[in-house]
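Undergrad: Let me give you the structure first, and then I'll get to my questions.
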Amino acid sequence: MGEVFAYIKHAQGVADDSALELIVAAKKIAPGAPVTAVFTGSGADLDKVCTAMAAVYNAVWKIDNAALAYPNAEVVRKALVNVLPAGSIVLLPHDTFGMDLGPGLSIKMNVPFVADIVGVDGVDGGTLKVVRQEFSGQVSTHVTCDISGGAVMNIRGGVFQADGATAGGAVEDKSGAAGDLSAKRTFVEVVAAEAGDVDITKSEVLVSVGRGIEDQENLEIVFELAKAMGADVSCSRPIVDAKWLEKSRQVGTSGQTVKPKVYMAMGISGSFQHLGGLKGNPFIVAVNKNPKAPIFQVADVGIEANILEFIPELTEKIEEL
Amino acid sequence: MEILVCVKRVPDTSENEIAINGDGNDIERDDLVYSVNEWDNYAVEEAIQIVDKVGGSVTVVTVGDSESEEVLRREMAMGANNGILLTDDAFEGSDGKGVATILKAAVEKGKYDLIFTGAQADGGSAEVGGMLAAMLDYPYASLVNLIEVGDGKLKVGREIEGGNQEINEIQTPCVLSIQTGINEPRYVGIRGIRKVASVEIPELGASDLGIDASSVGEASSKVKRVDYFVPDTGAGAEMLTGSSEEIIAKLIEYLKAKGGLK
């Protein structure tokens, strides 16, 4: 089996949360093999994060180049293809960066690609067996992949918990091998999200609404419930896509990270991107007409019901208190 | 602008409960409601809006069997000008790389400035667009939620974590995977579907596309699905049952105890 690498995202000299999760996944994928962290970037911030992560990984490879100051996936891909040995196993986080980089990297390295891995079942010879999810998380699948000639694998965040192990590797400077980093896509800027009228990241109780609300006009019953409870209204992605509520009310990895005491998931199926925005172990109440909705796997209390009928009844009873 | 949009016919997860069949090797496909992959509708709408502004044409393409023709017609009813069905027994069981290999051959049969895919589909891998771009040596941007057409290059916004947007300039031809919310896909009425019901949709197979049959399909797939299963997730939620009054009374007790009522 090829050498094992984890690509680590970082900003302002601090490694992404995925840094401590990818190494745990790597140890399951290639038991006993040393794991090397790969960093791309530029300057003092890069040196700082490389040194910090050398405590956790068996080795750290640093690729320093001004063209890599912002992690443009096309440029990072070129650097990795030039620096990594043929047949390497490369782990990436399955986030907006890993989705941008992973598929194309696998083609250029001529190795298989496995996306969004949520579990590792074991390795038999060169064949790896992993767990994935399909159909918006409604069912799981076992997937096999021959990784004897290398692979690119994207690992879902929050699944492999940091194990606290240390390794004490050294930082190796691989900048000289980066090669031609010219690109047909160039980074311009990051536009920060607009603030909304309600800051849901501060809310203690959230009534959160999803696709089950069916129609914009029906949102009224959600606001009435929130008012009765003294809660704020948040939502899942489809409600923002439909422009029914502002983006600042969206809970999820592409929206806000919230940490309420109580979270009422109303007609929300519970995709991992949505759940990724829910922190602090809130008490979760899920109401959904689909008993197979993934939200019921993580909720504390579940009710199989149509929210259009359930919410007004609940509001009425709370108002009577 | 000549724009190719890659679309897929998928089980509609908002209309169906997905269950696993008796053998555990597939989902229960009887009585499933199928539709076009949600992300693909946004991609087609975006393509139509670009062509409305700067001219050109929109072609929709899919890899599938004869039943996949219906999603091409639906997207043509939205306003796509042409449809192409890539179909061959040799394509069955292709993994993401196999599908990208088939699409690459179709891209090379035409002359497109832009190629769109949905950001992801039912398998959740979000992989075909990036693979296709790398095979073609075209630049790629994923999760695109803004496109501004300029001279010889585009300005594209990518949705990144925390509701932020990453702005890039990208040369054409390029491949973009389109995120939901980039626009509001137009409604397709029964009249629109009727108008395109008799339009001929060309079908291309492996030999038409010059594809070596051994490079696609199940035998070439390095990534193989072994089975479907429902994970043992532990206790899961405590499901409240009974009459709606009983359920609500119980729920209110919980909310009081957990600080959910102020």
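Undergrad: When you scan region A:149-180, how many residues do you find that are over 20 Å from A:SER88 (Cβ atoms) and within 20 Å of the chain's Cα centre (by Cα)?
TA: Selection size over region A:149-180: 7.
Undergrad: Has region A:191-207 got at least one residue that is within 12 Å of chain B (Cβ to nearest Cβ), part of a loop (DSSP other than H, G, I, E, B) and of a type in the set (Ser, Thr, Tyr)?
TA: yes
Undergrad: Across region A:268-303, what is the total count of residues that are more than 7 Å from chain B (Cβ to nearest Cβ) and either in a helix (DSSP H, G or I) or within 22 Å of the chain's Cα centre (by Cα) (or both)?
TA: Total satisfying the criteria: 20.
Rundown of residues vs (1) more than 13 Å from chain B (Cβ to nearest Cβ); (2) surrounded by fewer than 24 Cβ atoms within 10 Å (Cβ to Cβ); (3) at pLDDT below 95, yes/no style:
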{"position": "A:ALA52", "(1), (2), (3)": "yes, yes, no"}
{"position": "A:ASN58", "(1), (2), (3)": "yes, yes, no"}
{"position": "A:TYR70", "(1), (2), (3)": "no, yes, no"}
{"position": "A:VAL76", "(1), (2), (3)": "no, no, no"}
{"position": "A:VAL90", "(1), (2), (3)": "yes, no, no"}
{"position": "A:ASP116", "(1), (2), (3)": "no, no, no"}
{"position": "A:VAL123", "(1), (2), (3)": "yes, yes, yes"}
{"position": "A:GLY126", "(1), (2), (3)": "no, yes, yes"}
{"position": "A:GLY149", "(1), (2), (3)": "no, yes, no"}
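Undergrad: What number goes with the only condition from (1) part of a loop (DSSP other than H, G, I, E, B); (2) under 18 Å from the mean Cα position of the chain (by Cα); (3) of a type outside the set (Lys, Arg); (4) more than 21 Å from B:LEU204 (Cα to Cα) that B:ALA80 does not pass?
TA: (4)
Undergrad: Additional query: Which ranges mark the helices (runs of 4 or more DSSP H) fully within region B:186-262 that have 1 or more residues being exposed (fewer than 12 other Cβ atoms within 10 Å of the Cβ) and among the small types (Gly, Ala, Ser)?
TA: B:206-209, B:244-258
Undergrad: Within region B:129-146, which residues are over 20 Å from A:VAL76 (Cβ atoms) and part of a helix (DSSP H, G or I)?
TA: none
Undergrad: Residues in region A:37-50 that are surrounded by fewer than 20 Cβ atoms within 10 Å (Cβ to Cβ) and polar (S, T, N, Q): how many? Quick ask: steps written out before the conclusion?
TA: We begin by selecting, within region A:37-50, every residue surrounded by fewer than 20 Cβ atoms within 10 Å (Cβ to Cβ); these are A:42-45, A:47-48.
If we keep only those that are polar (S, T, N, Q) too, we end up with A:42.
Qualifying residue count, region A:37-50: 1.
Undergrad: Also, I was wondering about something else. Which residues, taken from region B:94-124, are touching a Gly at 6+ places or on another chain (Cβ under 7 Å) and either surrounded by 24 or more Cβ atoms within 10 Å (Cβ to Cβ) or at pLDDT below 95 (or both)?
TA: We begin by selecting, within region B:94-124, every residue touching a Gly at 6+ places or on another chain (Cβ under 7 Å); these are B:94, B:98, B:105, B:117.
Result: B:GLY98, B:THR117.
Undergrad: B:LEU86 - would you say it is closer than 28 Å to A:SER136 by Cα and either free of Cβ contacts under 8 Å to residues at least 12 places away in the same chain or within 14 Å of another protein chain (Cβ to nearest Cβ) (or both)?
TA: no
Undergrad: Within region A:214-258, which residues are touching a Cys at 6+ places or on another chain (Cβ under 7 Å) and within 8 Å of another protein chain (Cβ to nearest Cβ)?
TA: Hit for region A:214-258 is A:GLN250, nothing else.
Undergrad: Anything in region A:151-184 that is more than 9 Å from chain B (Cβ to nearest Cβ), in a strand (DSSP E or B) and either in contact with a Cys (Cβ under 6 Å, 6 or more places away or on another chain) or of a type outside the set (D, E, K, R) (or both)? List them, or say none.
TA: Passing the criteria: A:VAL152, A:MET153, A:ILE155, A:ALA170, A:VAL171.
Undergrad: So is A:PRO85 at pLDDT 95 or above, within 21 Å of the chain's Cα centre (by Cα), more than 9 Å from every other protein chain (Cβ to nearest Cβ) and part of a loop (DSSP other than H, G, I, E, B) or not?
TA: Values: at pLDDT 95 or above: yes; within 21 Å of the chain's Cα centre (by Cα): no; more than 9 Å from every other protein chain (Cβ to nearest Cβ): yes; part of a loop (DSSP other than H, G, I, E, B): yes.
Taking the combined requirement at face value, the residue does not satisfy it.
Undergrad: Moving on to the next point. Please tell me if A:GLY150 is within 30 Å of B:ASN25 (Cβ to Cβ) and either in contact (Cβ under 8 Å) with a residue 24 or more places away in the chain or not assigned by TED's automatic domain parsing to the domain that holds A:GLU246 (or both). Walk me through it before giving the result.
TA: On the way: within 30 Å of B:ASN25 (Cβ to Cβ): yes; either in contact (Cβ under 8 Å) with a residue 24 or more places away in the chain or not assigned by TED's automatic domain parsing to the domain that holds A:GLU246 (or both): yes.
Spelling it out, A:GLY150 is indeed within 30 Å of B:ASN25 (Cβ to Cβ) and either in contact (Cβ under 8 Å) with a residue 24 or more places away in the chain or not assigned by TED's automatic domain parsing to the domain that holds A:GLU246 (or both).
Undergrad: Okay, moving on. Considering only residues that are closer than 21 Å to A:GLU204 by Cα and of a type in the set (Lys, Arg), which ones fall in region A:225-252?
TA: Hits for region A:225-252 are A:LYS227, A:ARG237, A:LYS247, A:ARG249.
Undergrad: Then there's this: Might you check whether a residue that is in contact (Cβ under 8 Å) with a residue 12 or more places away in the chain, part of a loop (DSSP other than H, G, I, E, B), hydrophobic (A, V, I, L, M, F, W, C) and under 30 Å from A:LYS184 (Cβ atoms) occurs anywhere in region A:1-24?
TA: yes
Undergrad: Another question about this same structure. Identify all residues within region B:122-149 that are over 20 Å from B:ILE48 (Cβ atoms) and more than 8 Å from every other protein chain (Cβ to nearest Cβ); write none if there are none.
TA: B:LEU132, B:LEU136, B:ASP137
Undergrad: Restricting to region A:92-122, count the residues that are part of a helix (DSSP H, G or I) and under 11 Å from the mean Cα position of the chain (by Cα).
TA: 4
Undergrad: Suppose we filter B:SER220, B:SER198, B:SER215, B:SER244 for residues that are without any contact (Cβ under 8 Å) to a residue 60 or more places away in the chain, among the small types (Gly, Ala, Ser) and farther than 30 Å from A:GLY230 by Cβ; which single one remains?
TA: On the way: B:SER220 fails: without any contact (Cβ under 8 Å) to a residue 60 or more places away in the chain; B:SER215 fails: without any contact (Cβ under 8 Å) to a residue 60 or more places away in the chain; B:SER244 fails: farther than 30 Å from A:GLY230 by Cβ.
On inspection, the qualifying residue turns out to be B:SER198.
Undergrad: Quick test for you: out of B:GLY83, B:GLY152, B:GLY163, pick the one residue that is touching a strand residue (DSSP E or B) at 6+ places or on another chain (Cβ under 8 Å) and on the phi < 0 side of the Ramachandran plot. Give the derivation first.
TA: Details: B:GLY152 fails: on the phi < 0 side of the Ramachandran plot; B:GLY163 fails: on the phi < 0 side of the Ramachandran plot.
After ruling out the rest, the residue left standing is B:GLY83.
The values are calculated or read from the model by the stated rules, or taken from the named source; none is laboratory data. Predicted model only: the values in this text are computed from it and were never measured. With ideal geometry, Cβ positions are generated from the backbone for all residues, glycine too; neighbour counts draw on all protein chains shown.
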